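Comments concern the structure below.
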Amino acid sequence: MINKNINDCWIYIQDKNLKLGRLQIFNNWSDSLVKEPDKYIWLGMEYFCNENDDFWNMKISEKTDFIYNELLKTGLFKPTLRMADYHFEYVLKAYPSYSGSYKELPLLTDYLKSIDNLYCIGRNGQHRYNNMDHSMLTAFETVSYILGKSHDKSEIWNVNTDDEYHES
Ligand SMILES: Cc1cc2nc3c(=O)[nH]c(=O)nc-3n(C[C@H](O)[C@H](O)[C@H](O)COP(=O)(O)OP(=O)(O)OC[C@H]3O[C@@H](n4cnc5c(N)ncnc54)[C@H](O)[C@@H]3O)c2cc1C
């Protein structure tokens, strides 16, 4: 079904002829993620689009055909590949926007820091392009602060201060 030499857990797809942005092969994270790993391969395909654009609104039957064809076009799979099941997850506002008044954010963060029992952590809590590691680190810093190991809330905000996307 799949070329067995592919050991990647995820692959960024940079082919301009494909809409697919990233492909995950969950079997390669761990066989335990898949009920019958010898029989099935569980894939995650990420498509970047806007709410209510053509791709978003495409009928499910059309979308499954489109996606199946894109999978074959990657050349990673044999044409005998069959789709056993699928699930679509539509993620609204998936990415924090660094546009408009974003440059004024320090004004807001200074104010937020002044509220004693408020801790802004994670991706949306800081409206920042934090990945999972950053998000967890903001939680660690918060625990340190609450336990009195740190006395500066800025440490929570100092995780990932890059004002840019990490995957551009
Ligand atoms: C498309 C995409 C791809 C990504 N790829 C990667 C990657 O490859 N590697 C990586 O490290 N990171 C990746 N990330 C980022 C990663 O998902 C986030 O950094 C991480 O999940 C943020 O964790 P969090 O706890 O801040 O927020 P979340 O994981 O978003 O958790 C917030 C939770 O709060 C819940 N919630 C929201 N509002 C309320 C409410 N009012 N009441 C109760 N519950 C509420 C939500 O339902 C959600 O479960 C990706 C993100 C996206 C969107």
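Every read-out reported here was derived from the displayed coordinates using simple, explicitly stated rules and does not represent laboratory data. Predicted model only: the values in this text are computed from it and were never measured. Virtual Cβ from ideal backbone geometry, glycine too; neighbours counted across all protein chains shown.
Worth pointing out:
- Cα gyration tensor shape for segment 100-157, rounded if a/c is under 1.5, else prolate or oblate: oblate
- Against the chain, whose longest principal axis is taken from its Cα atoms, helix 132-146 shows a tilt of about 30°.
- Helix 60-73 vs. the chain, principal-axis angle (Cα, 0 to 90°, nearest 10): 80
- Cβ-Cβ FRET estimate between ASP152 and LEU92, R0 fixed at 41 Å, reported to 0.05: 0.75
- Figure legend: label point modelled 7 angstrom from the Cα of PHE48 along Cα→Cβ; residues of segment 1-40 with amide N under 17 Å from it are 11-24.
- For a straight C-alpha distance cut-off of 18 angstrom, the aspartates and glutamates reachable from LYS35 (same-chain residues fewer than eight places away being disregarded) are ASP85.
- If R0 equals 41 Å, the separation of the Cβ atoms of THR64 and MET132 corresponds to a calculated FRET efficiency of about 0.90.
- A Gaussian network model of the chain, with springs between Cα atoms under 10 Å, assigns the largest mean-square fluctuation among SER97, SER114, SER135 to SER114.
- Expressed in units of 2.2 N^0.38 Å, where N is the residue count, the Cα radius of gyration of the chain is 1.34.
- What the Cβ-Cβ distance of LEU107 and TYR40 gives, at R0 = 45 Å and to the nearest 0.05, is a FRET efficiency of 0.30.
- Stokes-Einstein diffusion for segment 1-94, with the hydrodynamic radius set to the Kirkwood value over Cα pairs and evaluated at 25 °C in a medium of 0.890 mPa s, equals 171 µm²/s.
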